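Just so it is clear, none of the values below were taken in a lab; they were calculated from the coordinates. For clarity, every value in this text was computed on a predicted model and none was experimentally measured. Every residue, glycine among them, receives a Cβ derived from its backbone with ideal geometry; neighbour counts consider all protein chains shown.
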Ligand code: SAH
């Protein structure tokens, strides 16, 4: 079924984007399938199909960006998403990453510090029929009252991973985050073993907007 917010033209362009992601090394078919189903152009202000289906980051409101599709694919692949997983996202932004996780059958909890984006992302996901739990606030402390989580994804650059977030991971779960300074970050995955031990692996350089403390009460 093709939703009211999608089109054959968009689907064609999206398929090409997905083929490109496969060429760039994305292997998890469940990730590629979800990205093929979610209409990325609906998350952007100027829904130019041409921009939406290029493998590029793009400005959204409040000086923030929707992550590049390749980046979304890498992070989602590293999360090892399974149906019904409870996943915490820090940095809702446009809501695109949250929609991909929802499309994969995850139960999504997502935090955004900018009121404007928090409001807008909820509307976009509702429009497309995806469910997620949205929170307005500073994500540094996570959401322990809804945890523990099967996976945690941070979608803003962070200088180090707060211990409080690692505490909210279930044994067997992983946290994926771009760790580093403002110029570039290393995509880092920290997994908690069944015994509660942490193991860290690194997955290449990326560039994200910075994670900032506090909240912005815009519109
Ligand atoms: N996942 C988004 C892209 C996020 S861009 C998408 O799919 O579109 C990073 C987002 O993190 C921005 O919206 C920014 O406002 C938010 N952010 C930055 N610091 C934060 C914090 N401490 N808590 C919650 N959100 C934060």
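With r defined as the distance between the Cβ atoms of residue 82 and residue 5 and R0 fixed at 22 Å, what FRET efficiency is calculated, to the nearest 0.05?
Working: r = 27 Å, r/R0 = 1.24.
That gives a FRET efficiency of 0.20.
Suppose R0 equals 35 Å. What FRET efficiency, 1/(1 + (r/R0)^6) with r the Cβ-Cβ distance, do residue 61 and residue 30 give to the nearest 0.05? Show your work: numbers first, answer last.
Details: r = 30 Å, r/R0 = 0.86.
Step by step, r from the Cβ atoms, then E = 0.70.
Only bridges with both residues in region 110-216 count here: give the DSSP antiparallel percent, nearest 5. Could the numbers behind the result be given before it?
Details: 14 of 24 bridges.
Taking every DSSP beta bridge within region 110-216, about 60 percent pair in antiparallel fashion.
Do the sum for the chain: with -39,500 (n - 2.57) for every DSSP H run of n ≥ 4, divided by all residues, what is the mean residue ellipticity at 222 nm, to the nearest 500 deg cm²/dmol? It would help to have the intermediate numbers written out before the result.
Working: 7 runs with 67 residues, N = 219.
The helix-only estimate for the chain comes to -9000 deg cm²/dmol at 222 nm.
Considering Cα pairs under 8 angstrom that are at least six residues apart, work out the relative contact order of the chain and quote it in whole percent. Don't skip to the answer; put the middle values down first.
Working: 445 pairs, mean separation 34.2, N = 219.
The value is 16 percent.
Calculate, for residue 15 and residue 203, the FRET efficiency according to 1/(1 + (r/R0)^6) with r their C-beta to C-beta distance and R0 35 Å; round to the nearest 0.05.
0.85
Once you've got the GNM for the chain with C-alpha springs shorter than 10 Å, pick whichever of 24, 120, 86 has the biggest mean-square fluctuation.
24
Please report, largest first and rounded to whole Å, the three semi-axes of the ellipsoid equivalent to region 84-219, where each semi-axis is the square root of five times an eigenvalue of the C-alpha gyration tensor. Don't skip to the answer; put the middle values down first.
Values: eigenvalues 102, 66, 36 Å².
With the √(5λ) rule applied to region 84-219, the semi-axes are 23, 18, 13 Å.
How big is the antiparallel share of DSSP beta bridges in the chain, given as a percent to the nearest 5? Please report the intermediate quantities before stating the final value.
Numbers: 16 of 36 bridges.
Once the DSSP bridges in the chain are tallied, antiparallel ones form about 45 percent.
Just order 160-170, 190-200, 134-144 by mean Cβ neighbour count inside 10 Å, highest at the front, would you?
Values: 160-170: 15.5, 190-200: 12.1, 134-144: 17.9.
The packing order, highest mean first, is 134-144, 160-170, 190-200.
Quick one: if you stick a label point 7 Å off each Cα along the C-beta vector at residue 145 and residue 195, how many nm between them?
Each label point is offset 7 Å from its Cα along the Cβ direction, giving 3.6 nm.
Among rounded, prolate and oblate, which fits region 16-135 when a ≥ b ≥ c are the square roots of the eigenvalues of its C-alpha gyration tensor, a/c under 1.5 means rounded, and a/b larger than b/c means prolate? Working shown, then result.
Details: a/c = 1.72, a/b = 1.12, b/c = 1.53.
Because a/c hits 1.5 or more and a/b fails to exceed b/c, region 16-135 counts as oblate.
Given 4 °C and 1.567 mPa s, compute D for region 10-59 with the Stokes-Einstein relation, Rh being the Kirkwood radius over Cα pairs; round to the nearest whole µm²/s.
Translational diffusion coefficient: 117 µm²/s.
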